[in-house]
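Input: a single structure, listed below in structure tokens.
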Amino acid sequence: MKNKITIATRESLLALWQAKYVQRRLEEQYPGLTVELLPVTTKGDQILDRPLVEIGGKGLFIKELEVILLEGKADIAVHSLKDMTAECPKGLAIAAVTSREDPRDAFVSHKYKTLEELPLHAKVGTSSLRRQAQLLHKRPDLEIQSLRGNVQTRLRHLDEGNFDAIILAAAGLKRLGLADRISSYISTEESIPAAGQGVMAIEARTDDAETLELLSFLHDKEVASCIQAERAFLA
């Protein structure tokens, strides 16, 4: 058995939380295994002043991690599944998906409890075209503005008064211990979540049979069936 696994991860607090979760689970399952993190700043993390759709889409968050995997500098990469493209690059595959955290979107505001309470022409921040479309379907009067950055950066923009409300994934807030910042949850009937939202995906090389076997205990088959159906819409 391998005696060391290197995990490639983005450097945001949420990404590190997710990587450390996988690190801890591996070390608990295999006491003799050393698991190290390799933090990486991706292009998606560096370019924050332009909407994602203008700079290559959400795949920018994982491209550098996948290059590192293919070059053999890391054994696995941990992603938020919703950030992944519909298909993995040749030579890579999703080796395991974890149990699912809350898949809903969260409404976050200092002044208002729900989307319905927002005044006319309220300013709402989100980086997601999916969220923008569904928000405007329900409230066409809203002023939707692009909001990029990690969870803490987005919350800071709200705290500084730049928005009346922002929309975030509930899963990320809960994992970071920030559930108290959630004013209310947006039902999946009102806002269909991104494919795989709330699920962590562990990506590995397809020819690394030993690592694939080591990860098998983390794989949630029921969740995998659900996300296979969800991601089929993206293919």
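The values are calculated or read from the model by the stated rules, or taken from the named source; none is laboratory data. Keep in mind that what you see is a predicted model, and the values were worked out from it rather than measured. So basically every Cβ, Gly included, is an ideal-geometry build from the backbone, and we count neighbours across all protein chains shown.
For the stretch 160-176, check the following and say yes or no: at least one residue is in a helix (DSSP H, G or I), closer than 28 Å to residue 25 by Cβ and assigned by TED's automatic domain parsing to the domain that holds residue 86.
Looking through the stretch 160-176, none of the residues is in a helix (DSSP H, G or I), closer than 28 Å to residue 25 by Cβ and assigned by TED's automatic domain parsing to the domain that holds residue 86.
Has the stretch 141-152 got any residue that is surrounded by fewer than 19 Cβ atoms within 10 Å (Cβ to Cβ), within 30 Å of residue 4 (Cα to Cα) and not aromatic (Phe, Trp, Tyr)?
Taking every residue of the stretch 141-152 in turn, at least one turns out to be surrounded by fewer than 19 Cβ atoms within 10 Å (Cβ to Cβ), within 30 Å of residue 4 (Cα to Cα) and not aromatic (Phe, Trp, Tyr).
Taking the residues in the stretch 77-133 that are basic (Lys, Arg) and surrounded by 15 or more Cβ atoms within 10 Å (Cβ to Cβ) as candidates, determine which candidate is farthest from the chain's Cα centre (by Cα).
Selected residue: 123.
What is the residue count in the stretch 153-177 for residues that are on the phi < 0 side of the Ramachandran plot and surrounded by fewer than 19 Cβ atoms within 10 Å (Cβ to Cβ)?
9
Return the pairs, sorted by first residue and then second, in which the second residue is among the hydrophobic types (A, V, I, L, M, F, W, C), the first residue lies in the stretch 14-35 and is surrounded by fewer than 14 Cβ atoms within 10 Å (Cβ to Cβ), the beta carbons are less than 7 Å apart, and the residues are 6+ apart or on different chains.
29/217
Conditions tested, residue by residue: (1) more than 22 Å from residue 234 (Cα to Cα); (2) assigned to a helix (DSSP H, G or I).
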residue	(1), (2)
96	no, no
113	yes, no
124	yes, no
137	no, yes
197	no, no
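Looking at the stretch 79-94, I want the residues that are within 15 Å of residue 215 (Cβ to Cβ) and have a partner that is among the polar types (S, T, N, Q) and surrounded by fewer than 17 Cβ atoms within 10 Å (Cβ to Cβ) with Cβ atoms under 8 Å, at least 6 apart or on another chain. Which pairs are those?
Listed by first residue and then by second, the contacts come to 92/206; 93/206.
Go through the stretch 58-94 and count every residue that is in a loop (DSSP other than H, G, I, E, B), farther than 21 Å from residue 218 by Cβ and out of contact with any helix residue (DSSP H, G or I) (no Cβ under 7 Å at 6 or more places or on another chain).
5
Please state which of the following conditions residue 226 fails to meet, knowing it meets all the rest: (1) touching an Asp or Glu at 6+ places or on another chain (Cβ under 8 Å); (2) more than 18 Å from residue 113 (Cα to Cα).
Unmet for residue 226, out of (1) touching an Asp or Glu at 6+ places or on another chain (Cβ under 8 Å); (2) more than 18 Å from residue 113 (Cα to Cα): (1).
Residue under question is residue 52, and the condition is that it be at pLDDT 95 or above and either of a type outside the set (D, E, K, R) or more than 16 Å from the chain's Cα centre (by Cα) (or both); does it hold?
no
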